[in-house]
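Presented below is the structure to which this report refers.
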Amino acid sequence: MFHAQTYTGTREENYALVIDQLKALISDEKNVVANLANASALLNYFLHDINWVGFYMTEGNELVLGPFQGLPACVRIPFGKGVCGTAAAEKRTVRVADVHTFPGHIACDAASQSEIVVPMIKSGRVIGVLDIDSPIKNRFDEVDEQYLQRFVETLIQYVNI
């Protein structure tokens, strides 16, 4: 069971706590949708200054909308298109300080100003991406990138996709 709490440590300590909370939420559950839904809700509760957090899952050469928190979003994104498709095609985290300067950015929410996308890679294959948008430019930094990658690695260990 999840207990809401105030995150009062350093950013690194708070991220470590969120990863521990993720493990507690998903370790005994096998349903992928339930686990991704709880993971997006946990990040939505934890992260400040964001307007969308969720998952796109791989289906062929596209990413298809999965569980998320925020306004309705684009349903299908081809690999190589936008920030999500670029992260999936290149198998790397993409952090964008100003989405309006990213060639081919797909604007699902006009309020989004910055974005980070972490690919979910299992056995060398991209199975999806974690996508987080913010209404503030340059919202995401190296600490966010490092710990969101750990969050995704933890999620992949426990979720059977």
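The values are calculated or read from the model by the stated rules, or taken from the named source; none is laboratory data. This structure is a prediction, so every number in the text was calculated from the model and none was measured. Neighbour counts are summed over all protein chains in view; Cβ atoms, including those assigned to glycine, are modelled from backbone coordinates with ideal geometry.
Quick look at the values:
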item: Residue in region 45-65 that is aromatic (F, W, Y) and within 22 Å of E142 (Cβ to Cβ) present; result: yes
item: In region 70-95, the residues that are buried (at least 19 other Cβ atoms within 10 Å of the Cβ) and touching a residue at least 24 places away in the same chain (Cβ under 8 Å); result: G70, I77, G82, V83, C84, T86, A87, A88, T93, R95
item: Residue match in region 22-39 (condition: within 29 Å of S123 (Cα to Cα) and among the basic types (K, R)); result: yes
item: Considering residues of region 134-160 that are of a type in the set (S, T, Y) and part of a helix (DSSP H, G or I) only, the residue nearest to D49 (Cα to Cα); result: Y147
item: Among the residues listed as R125, R139, the single one being more than 11 Å from the chain's Cα centre (by Cα), surrounded by 17 or more Cβ atoms within 10 Å (Cβ to Cβ) and of a type in the set (D, E, K, R); result: R139
item: Yes/no for V117 being among the hydrophobic types (A, V, I, L, M, F, W, C), under 21 Å from N138 (Cβ atoms) and buried (at least 22 other Cβ atoms within 10 Å of the Cβ); result: yes
item: Sole residue being surrounded by fewer than 20 Cβ atoms within 10 Å (Cβ to Cβ) and not aromatic (F, W, Y), chosen from L65, L42, L130, L36; result: L65
item: Residues of region 5-51 that turn out to be among the β-branched types (V, I, T), assigned to a loop (DSSP other than H, G, I, E, B) and modelled with pLDDT of 95 or more, as a count; result: 1
